[in-house]
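Input: a single structure, listed below in structure tokens.
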Amino acid sequence: MKTSQKIAGATANYVDERTGAAKWLKKNLTKVFPDHWSFMLGEICLYSFVILLMTGTFLTFWFDPSQREVIYHGSYLPLSGVHMSAAYDSTLHLSFDVRGGLLMRQIHHWAALIFMSAIVAHLFRVFFTGAFRKPREFNWLIGIGLLTFGIVEGFLGYSLPDDLLSGTGIRIAEAILQAIPVVGSYLAFFAFGGPFPGTAFIPRIFIVHVLLLPGLFLALITIHLMLVWYQKHTQYPGPGRTEKNVVGYPLMPVYMAKAGGFFFIVFGITAFLGAVASINPIWLYGPYTPGQISAGSQPDWYMGWLDGLVRMAPPLETHAFGHTISWNILIPGLFIPGIIFTGMALYPFIESWITGDKREHHLLDRPRNAPNRTALGVMSITFMLISLANGGNDIIATHFHLTINAIMWFTRIGLFTVPPIAFVITKRVCLSLQRADRDLVLHGKETGRLVMLPTGEMVEVHEPLSDAKKWTLTQHQQPDALPAPLPASATVGLKGKFRARLNRANATQIPAATLTDLKELGDGHH
């Protein structure tokens, strides 16, 4: 034992003398990270990405990214003798003839779904708690980039097998490309190497899927983690927590032990799903042929909202100067997604402009204490859910015995009416929760015990809150309406008046309970 300790010590000393690593490690291995269950959402993204890299590497050993025509003679007899692409043939070979191949395919697909779900949930947490504010705007932009590249990567990934379902999705993508005015046809010919379906698309997206986009993911995730490390992690408000400190556990050994265990939990759940839950059974769909389409074709959930928007668009076209502009494809397939993702990316800067808040924020907001932001988030989620529902209108129609036309018109009307209603209701709920917090601080917690006073009056006994709980419920900062703290010139003109109006809407709050309020009520409870 002593010999091994001497060898380890000598090795560490050798490295430290040449790199000075000991001082750096001593400082950084004791770095403190806050502890909250919602912070694990980002970890799930990271761990599922690692699983994707491992399983994806395995799959590349047997997958043939080629569209050359072959005749299938594999183990799956219902397709024996059928003409298909080499990509589809190699995917069948992976599924039925390679030991562990089907398990790896399904783990890979489930990991992709978990990865996208975790990114969306993580972005929700960041948005609703205000973790995107200064100095973390760049990390928010990286998160939006990861979401965007994740959607593209997922689409390319399930397009690779060249089955009938994925081929239908590729055909829709080609239609969106062709809808771009003037250059659409050229872009489609470039992507497919000629008329659809061509023979170059699968080999090209294979390189993008296994090389270019994973490289971008690695770079963006690395930068993201470096910024989290440098800027320190945000934390929820609580006693002893300020904008200047971090309350939590050191990286070594506590956080690393938790992170290591959590990785194996994520890996185990993903492997379990891959083993027991069938996903993307391409042998049931058959090889892709341009003249066929399966009933009930559905993309993965993160593409379903886009499919729903395209489905609900009315048939609008314009013919001018020898060109046809298909608005029913261009608007839902390109314009609306572009507006949504641009708005998401710019939101930290928009909110900062509206509020005039240029301060650094390391304490998170409770969503109820930012009612305007929370209502906007719920409104956006409602918009996406209605679009997603319409993406499965044929499935909903057959399962609930409805007509597709009824579902179509419900989602068309609901897309414009339900999100604003959701905004108003959410904002009122947030303000009601603020009012409930104020009453809780002032009067204490209801105990359900009734006491009769000497006068015969019946009163309920309230239990006073702890000082720590009171501080948590009252520590949030109340936003100031413009022009304070900005100069009056900031609200002059059309742009300034618009900004002032937005600021007043954002500043709608229920005043938090103060020490003066508590003194006026005496002991604060009956």
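Quick one: which helices (runs of 4 or more DSSP H) sit completely within segment 1-102 and have at least 2 residues that are touching a Lys or Arg at 6+ places or on another chain (Cβ under 8 Å)?
Once the helices (runs of 4 or more DSSP H) in segment 1-102 are filtered for at least 2 residues that are touching a Lys or Arg at 6+ places or on another chain (Cβ under 8 Å), what remains is 40-60, 86-96.
Residues that are in contact with a Ser or Thr (Cβ under 8 Å, 6 or more places away or on another chain), over 27 Å from Phe149 (Cβ atoms) and among the small types (Gly, Ala, Ser): does segment 345-357 have at least one?
Within segment 345-357, not a single residue is in contact with a Ser or Thr (Cβ under 8 Å, 6 or more places away or on another chain), over 27 Å from Phe149 (Cβ atoms) and among the small types (Gly, Ala, Ser).
Going through segment 251-262 one residue at a time, which ones are in contact (Cβ under 8 Å) with a residue 12 or more places away in the chain and open to solvent by less than 80 Å² (accessible area, probe 1.4 Å)?
Leu251, Tyr255, Ala259, Phe262, listed by residue number.
Can you tell me which residues in segment 345-376 are small (Gly, Ala, Ser), crowded, with 20+ Cβ neighbours inside 10 Å and in contact with a helix residue (DSSP H, G or I) (Cβ under 6 Å, 6 or more places away or on another chain)?
Ala375
Checking Thr57 against (1) within 33 Å of the chain's Cα centre (by Cα); (2) hydroxyl-bearing (Ser, Thr, Tyr); (3) surrounded by fewer than 16 Cβ atoms within 10 Å (Cβ to Cβ); (4) farther than 16 Å from His109 by Cβ, which test does it fail?
Going through (1) within 33 Å of the chain's Cα centre (by Cα); (2) hydroxyl-bearing (Ser, Thr, Tyr); (3) surrounded by fewer than 16 Cβ atoms within 10 Å (Cβ to Cβ); (4) farther than 16 Å from His109 by Cβ one by one, Thr57 breaks only (4).
Output the number of the condition that Leu309 fails; it satisfies all remaining conditions of (1) under 30 Å from Ser166 (Cα atoms); (2) not assigned by TED's automatic domain parsing to the domain that holds His233.
(2)
Looking only at segment 228-250, filter to residues that are open to solvent by less than 40 Å² (accessible area, probe 1.4 Å) and within 26 Å of the chain's Cα centre (by Cα); which one of those is nearest to Leu146 (Cα to Cα)?
For segment 228-250, the residue satisfying everything is Val228.
Within the bounds of segment 187-195, is there any residue that is open to solvent by 20 Å² or more (accessible area, probe 1.4 Å) and touching a residue at least 40 places away in the same chain (Cβ under 8 Å)?
No, the conditions are met nowhere in segment 187-195.
Within segment 62-76, count every residue that is surrounded by fewer than 17 Cβ atoms within 10 Å (Cβ to Cβ) and either touching a residue at least 60 places away in the same chain (Cβ under 8 Å) or closer than 12 Å to His93 by Cα (or both).
Residues that pass the stated criteria total 6.
Which pairs turn up if I take residues in segment 317-335 that are within 15 Å of Ala175 (Cβ to Cβ) and look for partners that are surrounded by fewer than 17 Cβ atoms within 10 Å (Cβ to Cβ) and among the acidic types (Asp, Glu) with beta carbon separation below 9 Å, at least 6 apart in sequence or on another chain?
Thr324/Glu317; Ile325/Glu317; Ser326/Glu317; Trp327/Glu317; Asn328/Glu317
Do the conditions hold for Gly81, that is, is it at positive phi, modelled with pLDDT of 90 or more and exposed (fewer than 15 other Cβ atoms within 10 Å of the Cβ)?
In short, yes.
For segment 263-298: of the residues being in a loop (DSSP other than H, G, I, E, B) and free of Cβ contacts under 8 Å to residues at least 24 places away in the same chain, which is most open to solvent (accessible area, probe 1.4 Å)?
Taking the candidates together, the pick is Gly291.
The values are calculated or read from the model by the stated rules, or taken from the named source; none is laboratory data. Source: prediction; values computed, not measured. Methodologically, a virtual Cβ is constructed for each residue, glycine included, from the backbone with ideal geometry; neighbour enumeration extends over all protein chains shown. Calculation scope for accessible area: heavy atoms of the full protein, side chains included, ligands and nucleic acids excluded. Shrake-Rupley method; radii C 1.70, N 1.55, O 1.52, S 1.80 Å.
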